[in-house]
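The values are calculated or read from the model by the stated rules, or taken from the named source; none is laboratory data. Since we're looking at a predicted model, the values are computed, not measured. When we count neighbours, we look across all protein chains shown, and the Cβ atoms used for this are built from the backbone with ideal geometry, even at glycine. SASA here: full protein model, heavy atoms, side chains in, ligands and nucleic acids out. Shrake-Rupley method; radii C 1.70, N 1.55, O 1.52, S 1.80 Å.
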Amino acid sequence: KVNIPDGEGTNLKNVHVLRTKEDQAAIKEKAATADRVVVIGGSWIGSEAAAGLRMKYKDLPVTLVCSTSGPLERHLGKEIGEMMAKEHKDNNVAIHSKARVKAIHPDSEGKVNAVSLSDGTILYADLVVMGTGVTPATEFLKGSGLELDNQGGVICDPFLNTNLADVYAAGDIASYPYWPTGDRTRTEHWVAALDQGSNAAFNMMGKLVPYSSIPFFWTRHYNKSLQYIGNGAGHT
C-alpha cells in the first residue's frame with residue numbers, strides 16, 4: 001500500500017500517487033496541460049517521476065522535494081545523492097532538500113494550488129505527484145499467528161517458511177535473512193518475487209533450497225542508467 005504523508009490536502013484533485021497504470025495515465029494527462037509540478041519524495045519513484053516528467057514535457061517546471069540532502073541518498077549514500085541532485089539541476093529540475101510536506105492547499109475548485117513545506121517554503125503547483133513510499137499490505141494477517149516485523153513484513157527463515165508450519169511467503173512481503181550478512185531484509189523487486197516463489201515451491205515439496213539470490217536494482221534518469229547489486233541497507 002502507498003504511504004500517504006500526514007497533513008491536509010493529500011486528497012485534493014490533481015494530487016496523485018504512482019502505483020498503477022491508471023495512476024500513470026492520469027499523471028500524463030494532467031502533466032500535458034499543467035503549469036507547475038511538485039514531486040514529493042526523493043527516492044526511486046519520486047526521482048524517476050521528476051526526471052520522466054522533465055524529459056517528456058520540456059517546458060514544464062518541475063520541483064522535487066526530498067527529506068534528505070539529495071535524491072536516493074537514503075539508499076545509496078551522500079555522494080550518489082549529490083551526483084543525482086546535479087543531474088536533476090542540470091536538467092532544470094529544482095530541488096528542495098531536507099524538507100517535508102506540511103500541507104497541500106486548494107484553489108476555489110478543490111484542485112491543488114500550492115504546497116507548503118516544513119521549512120516554511122511555499123511551492124505553487126497545479127499537479128502534485130507523491131512518491132512517498134510503500135509498505136506491505138499485511139494488516140489482514142494480524143491475529144493469524146504469523147510473525148510480522150515492525151514494517152509489516154512476514155518473517156521467514158532462509159527457506160521462506162514462516163513461524164507457522166507449511167506457511168510460506170514470497171515477494172515484497174517476505175522478510176528473510178540476507179545470507180552474506182545475516183541481516184533481515186525485504187526485496188521489493190519483481191525478480192525477487194519470481195525467484196522466491198520458485199524457492200518456496202521447492203521447499204513446499206521438501207527440497208530444502210535456501211533463498212540465496214543477491215538483490216539488484218537499476219534506475220534510469222535523463223538517458224543515464226545507475227545500477228547496483230547487493231543489499232541496500234547501508235553503504236560505503
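Of all residues in segment 126-149 being farther than 30 Å from Pro177 by Cα and under 22 Å from the mean Cα position of the chain (by Cα), which is modelled with the lowest pLDDT? Steps first, please.
Kept after step one, since they are farther than 30 Å from Pro177 by Cα, are these residues of segment 126-149: 126-130.
Adding the requirement that they be under 22 Å from the mean Cα position of the chain (by Cα) leaves 127-130.
Numbers: Leu127: 95, Val128: 95, Val129: 95, Met130: 92.
Looking at residues that are farther than 30 Å from Pro177 by Cα and under 22 Å from the mean Cα position of the chain (by Cα), I get Met130.
Taken over segment 77-106, residues that are on the phi < 0 side of the Ramachandran plot, open to solvent by 60 Å² or more (accessible area, probe 1.4 Å) and not in a strand (DSSP E or B) amount to 8. The one condition from (1) farther than 30 Å from Ala85 by Cα; (2) surrounded by fewer than 16 Cβ atoms within 10 Å (Cβ to Cβ) that Gly152 does not meet is (2). Only a single item in (1) open to solvent by 50 Å² or more (accessible area, probe 1.4 Å); (2) out of contact with any helix residue (DSSP H, G or I) (no Cβ under 8 Å at 6 or more places or on another chain); (3) modelled with pLDDT under 90 is not met by His235, and it is number (2).
For segment 108-140, the set of residues classified as over 26 Å from Thr20 (Cα atoms), without any contact (Cβ under 8 Å) to a residue 12 or more places away in the chain and in contact with a strand residue (DSSP E or B) (Cβ under 6 Å, 6 or more places away or on another chain) consists of Ile122 only. With respect to being in contact (Cβ under 8 Å) with a residue 12 or more places away in the chain, open to solvent by less than 40 Å² (accessible area, probe 1.4 Å), under 30 Å from Asn231 (Cβ atoms) and not in a loop (DSSP other than H, G, I, E, B), Glu48 falls outside the description.
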